[in-house]
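Working notes, beginning with the structure itself.
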Amino acid sequence: MSMGTAERRRAPEDGGAAGSTARSVREAPDGDIPAAGPDASARELPARADRSEEREEQSVYRPLWTEEPARRRRLPDPVRTAAVRAVLVVAVTLISAMVAFLCTMAGSWLAFPMVIGSVAGTVVATWGVLDVWVTRQVWNQRHGVVSVPSSTARAVRRERRRARRQARSAERAQERIRRQGGTGQLSHP
């Protein structure tokens, strides 16, 4: 068993006793300090072996990670696609601007083309960010996240509810017909 940093620092002062004490306390799962004396440690040996076997079994079946619920919902696919595109364009634009700056500082002939490219990249990056915003607004409008009187999603939800109600009432009517016709009873309460 290896010693930790704190145990190594204490080991030369105590003649190695601190390391063995720390090890025995670490091995005890309940934090029990083993009883003193030579025959007491002999009695503790089988119990320690059983405990270490239990710990090994527990560590074998312990999951690597625990699932946690997401804090936020996943972005819709079109919005996520636009966001990834915008991030890539912004990253390329920032790299281009940095290269333009370094070329200008070095007095290279590439400075002018890189500055022009950075300006064009800034325009494209601005378009990319606006594209994310517009795509998100359109998706919200179509799929019912925004609750505004002019929302087209409200009418879509209303139609879906109406269709569900009609389907349920038709299903209930079919169930009533089946019950009445299939039971063989003459009267129903």
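Full extension from Ala170 to Thr122: what is 0.36 nm times the residue separation minus their Cα-Cα distance, to one decimal in nm?
Values: separation 48, 0.36 × 48 = 17.28 nm, distance 5.85 nm.
Length gained, Ala170 through Thr122: 11.4 nm.
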Check: What list of ³J(HN,Hα) couplings, whole Hz, do you get for region 129-138 from phi and the Karplus terms 6.51, -1.76, 1.60, once you set θ to phi - 60° and write x for glycine and proline?
Finding: 5, 5, 4, 4, 5, 5, 4, 5, 5, 5
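Values in this text are rule-based calculations from the coordinates and carry no lab data. Given the structure is predicted, the values throughout are model-derived calculations rather than measurements.
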